[in-house]
Amino acid sequence: MAKTYNYARYKMSEYDLGKFPGPKAGEPAVDFTLSTPDGKEVKLEDYKGKWLVIETGSITCSMYVKNVEGFAKLRQKYPDVEFLLVYVREAHPGSRLGAHISDKQKREMSLDMKDIYTDPRQVLVDDLNGTMHHLYGALPNMVYVINPEGKVIYRCDWSFPKKVEKVLQNRDQIHTDDHVQIITAAPWIMIPTVLRGGWDALWDIAVAMPMIILAHLRADWGNFKKKLFIKEQAKSKQTS
């Protein structure tokens with residue numbers, strides 16, 4: 001049976017942390033169509049000629065919430081960069097704040113997210129089926145940096161403002177390290193954020209925590225093996 005994109009309750013099986021599909025650093029960004037909260041269509045090509053930092057998030061995603069202040073500071077520090085927040089599916093829905101049921105509701109909830117977290121960035125809303133989310137990796141809190149020619153120069157499975165700033169300081173380079181070793185946000189951020197979904201949402205993440213830790217460790221190991229393989233390939237080319 002196929003999974004439902006807008007799942008009603010969180011399970012670790014909804015995500016595969018070892019996979020990160022979508023355009024890689026050095027590749028052209030894939031065009032997408034999103035909408036503003038008032039329903040106006042927006043495409044990636046509308047931003048051609050600008051530097052873009054695109055982050056995904058949701059109301060119940062503590063990994064997104066931890067970044068709001070940091071990206072607000074980056075936005076002031078780099079006025080030539082367009083910082084976009086893409087509202088995707090709710091990471092931890094529950095009885096208080098459930099899964100999306102319509103595009104209209106999703107657009108309305110995107111405004112709630114901006115208000116709750118006082119996020120100054122332009123928020124764009126993915127469609128109900130998560131078309132853009134799937135194209136770019138389907139992880140809850142990804143980040144992409146795209147240059148004015150539409151090329152991805154950096155992407156990461158988990159977003160951190162400090163890492164994005166290093167990329168913005170070295171924009172002439174392609175940054176290929178697209179994985180961060182992380183388990184979850186700090187408890188004082190995670191607990192109140194997930195509770196917005198409901199007590200059942202908090203229960204779900206508590207039950208899933210052993211599997212979350214295991215999934216992250218597997219992703220870390222897979223990334224280590226990939227780096228080792230690339231390093232060995234580079235050495236063999238030098239000696240051949």
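Any read-out appearing in this document is the output of simple, stated calculations on the displayed coordinates, not a laboratory observation. The structure presented is a predicted model; accordingly, all values stated were derived computationally and were not measured. Note that we place each Cβ from the backbone using ideal geometry, even for glycine, and neighbour counts take in every protein chain shown.
Laid out as a table, the results:
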{"read-out": "Residue count, the range 1-35 (criterion: among the polar types (S, T, N, Q) and assigned to a loop (DSSP other than H, G, I, E, B))", "value": "2"}
{"read-out": "Residue check for LYS104: over 18 Å from PHE71 (Cα atoms) and of a type in the set (Lys, Arg)", "value": "yes"}
{"read-out": "Output for the range 24-52, where each listed residue is of a type in the set (D, E, K, R) and over 16 Å from the mean Cα position of the chain (by Cα)", "value": "GLU27, ASP31, ASP38, LYS40, GLU41, LYS43, GLU45, ASP46, LYS48, LYS50"}
{"read-out": "Test result for LYS106, among the basic types (Lys, Arg) and under 13 Å from ASN6 (Cα atoms)", "value": "yes"}
{"read-out": "Residues being acidic (Asp, Glu) and free of Cβ contacts under 8 Å to residues at least 40 places away in the same chain - total across the range 74-107", "value": "1"}
{"read-out": "Residue in the range 135-149 that is farthest from PHE160 (Cα to Cα), counting only those that are of a type in the set (A, V, I, L, M) and either free of Cβ contacts under 8 Å to residues at least 12 places away in the same chain or assigned to a loop (DSSP other than H, G, I, E, B) (or both)", "value": "ALA138"}
{"read-out": "Test: residue in the range 126-147 that is more than 15 Å from the chain's Cα centre (by Cα), closer than 25 Å to GLU108 by Cβ and surrounded by 14 or more Cβ atoms within 10 Å (Cβ to Cβ)", "value": "yes"}
{"read-out": "Residue that is surrounded by the most Cβ atoms within 10 Å (Cβ to Cβ) [pool: residues in the range 80-115 that are in contact with a strand residue (DSSP E or B) (Cβ under 9 Å, 6 or more places away or on another chain) and part of a loop (DSSP other than H, G, I, E, B)]", "value": "VAL88"}
{"read-out": "Hey, LEU74 outside any strand (DSSP E or B) and farther than 24 Å from LYS163 by Cα or not", "value": "no"}
{"read-out": "Exclusive hit being in a loop (DSSP other than H, G, I, E, B) and of a type in the set (Asp, Glu), set ASP38, ASP46", "value": "ASP38"}
